[in-house]
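Let me begin by presenting the structure, written as structure tokens, before commenting on it.
The values are calculated or read from the model by the stated rules, or taken from the named source; none is laboratory data. In this text, all values refer to a predicted model and were calculated from it rather than measured experimentally. Cβ: placed from backbone, ideal geometry, glycine included. Neighbour counts: every protein chain shown. Note: accessible area is taken over every heavy atom of the protein model, side chains too, but ligands, DNA and RNA are not part of it. Shrake-Rupley method; radii C 1.70, N 1.55, O 1.52, S 1.80 Å.
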Amino acid sequence: MPLRADRPVRVVADQLGLDVSLELTSPAGEVIETVADRSSGLEVLVAIVPKSGSYGLEVAAASEKLPAGDVDLRIEEFRDTPEVRAAARLHQEARAIAARGKDSRRDARRAFEAARDAWAEAGDESMTAWALEEIGDLSILIPEPVAARLAYAEAAKRFAALGRAADQAVAQYGAGHALHQQGDYAGACAQWKATFDLEGALTPSDRVDLRYAYAADLKQQGEYDEALPIIESALETYRGLGMLTEELTAQAELGSIHLMRRDTVRALDALTCGVARSRETARPDMEARFLQRLAVLEWEIGDRDAAAEQATRALALFRRAGNHVAEGAVLVLLGDVLGRRDDLDGAEANYR
């Protein structure tokens with residue numbers, strides 16, 4: 001596509017049911033910027049190029065397994081004013097800082113805060129909202145959930161005023177995630193439930209993520225019977241969409257709910273199916289999670305030998321994957337099991 005030097009441009013992909021990524025390349029084939037931030041609403045790429053010429057733009061589906069959907073793609077030049085140029089440069093610089101990784105998140109957030117103020121001064125409500133959502137995303141990762149919630153809430157308010165239902169829903173989902181990160185599960189559920197009216201504007205994967213998050217926090221509050229059918233439905237949807245990690249996570253959550261409901265038979269079935277599915281799909285990290293839960297189940301029903309066996313298998317897989325947090329949790333469980341079997345030396349070794 002032809003671009004003019006020093007003229008700020010915006011590439012907008014309206015994801016009407018299909019999650020896409022955008023990649024802008026120079027006439028020489030060098031990647032200038034890649035955007036793949038969200039799977040519903042708008043993907044927005046902002047750029048100012050130093051030389052006029054024919055630039056490449058690649059639009060790619062996020063996954064071959066997702067169902068077919070529509071994308072509305074447009075390329076827009078901003079109004080050519082000093083304020084807009086300044087805001088666009090700040091936005092592009094903030095994206096570049098964010099791309100540097102974890103250690104640059106605070107710097108990137110400060111850069112997006114400057115971009116937000118510049119877009120507001122330039123009178124561009126849409127880009128102000130986008131900068132706010134970037135601030136929310138970075139605040140979640142830092143993590144500073146209070147700052148994230150405030151940024152998402154303001155973005156959602158602005159998107160609502162612009163009539164952007166999908167983007168409003170994504171921002172509200174982010175606000176729910178921030179509340180979850182604070183441990184306010186009731187608040188998160190209320191936020192997500194309030195977003196259900198907008199879920200028709202979301203892509204299929206985001207719709208199921210919204211429902212799954214709601215059910216997971218119902219479980220955190222002990223609302224197991226209400227959470228159970230939502231988790232079961234999400235599991236089937238994830239499987240149909242080919243979203244393996246999400247499918248296995250939902251399967252593990254299903255087993256946990258049955259454990260908490262004291263439904264031993266259904267818990268055993270869910271967790272055993274999870275082990276088999278993890279092996280079938282070559283996911284030893286998830287197999288370890290299911291084995292850990294099986295060890296807890298065996299412990300609950302008093303079969304300490306079986307609990308020790310499952311925990312030992314999980315421990316080996318967690319160590320192989322380098323998951324030290326999970327390894328520590330299993331070592332504590334093994335210590336408990338061995339202590340109950342009067343193997344005090346073995347228990348002490350695991351605790352140490």
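Summary table
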{"item": "Whether the stretch 173-279 is rounded, prolate or oblate, judged on the alpha carbon gyration tensor where a/c under 1.5 counts as rounded", "result": "oblate"}
{"item": "Global form of the chain, assessed from the alpha-carbon gyration tensor, a/c cut-off 1.5", "result": "prolate"}
{"item": "Per-residue ³J(HN,Hα) for the stretch 240-250, Karplus 6.51 cos²θ - 1.76 cosθ + 1.60, θ = phi - 60°, Hz, x for Gly and Pro", "result": "x, 7, x, 8, 5, 4, 5, 4, 5, 5, 5"}
{"item": "Residue-by-residue Karplus 3J(HN,Hα) for the stretch 43-57, coefficients 6.51, -1.76, 1.60, Hz, glycine and proline x", "result": "9, 10, 10, 10, 8, 10, 9, x, 10, 6, x, 9, 9, x, 9"}
{"item": "Percent carbon-and-sulfur accessible area, the chain, ignoring ligands, DNA and RNA, probe 1.4 Å", "result": "49"}
{"item": "Shape of the stretch 14-162, Cα gyration tensor, a/c cut at 1.5", "result": "rounded"}
{"item": "Accessible surface, per residue, of the stretch 72-143 when the full set of protein chains is kept, probe 1.4 Å, Å²", "result": "49"}
{"item": "ALA5 paired with THR312, simple spin-label distance in nm, labels 7 Å along Cα-to-beta-carbon", "result": "7.2"}
{"item": "Length gained when the stretch THR81-ARG262 is fully extended (0.36 nm per residue, less Cα-Cα span)", "result": "58.7 nm"}
{"item": "Separation in nanometres of the label points that stand 7 Å from Cα toward Cβ, at ASP103 and VAL12", "result": "3.8"}
{"item": "Angle in degrees between helix 125-141 and the longest Cα principal axis of the chain, rounded to the nearest 10", "result": "30"}
{"item": "³J(HN,Hα) computed for each position of the stretch 226-233 - Karplus, 6.51 cos²θ - 1.76 cosθ + 1.60, integer Hz, glycine/proline x", "result": "6, 6, 4, x, 5, 5, 4, 5"}
{"item": "Heavy-atom accessible area ranking, 1.4 Å probe, most first, across SER21, SER54, SER40", "result": "SER54, SER21, SER40"}
{"item": "Degrees separating the helix 105-122 axis from the principal Cα axis of the chain, which is the longest one", "result": "40"}
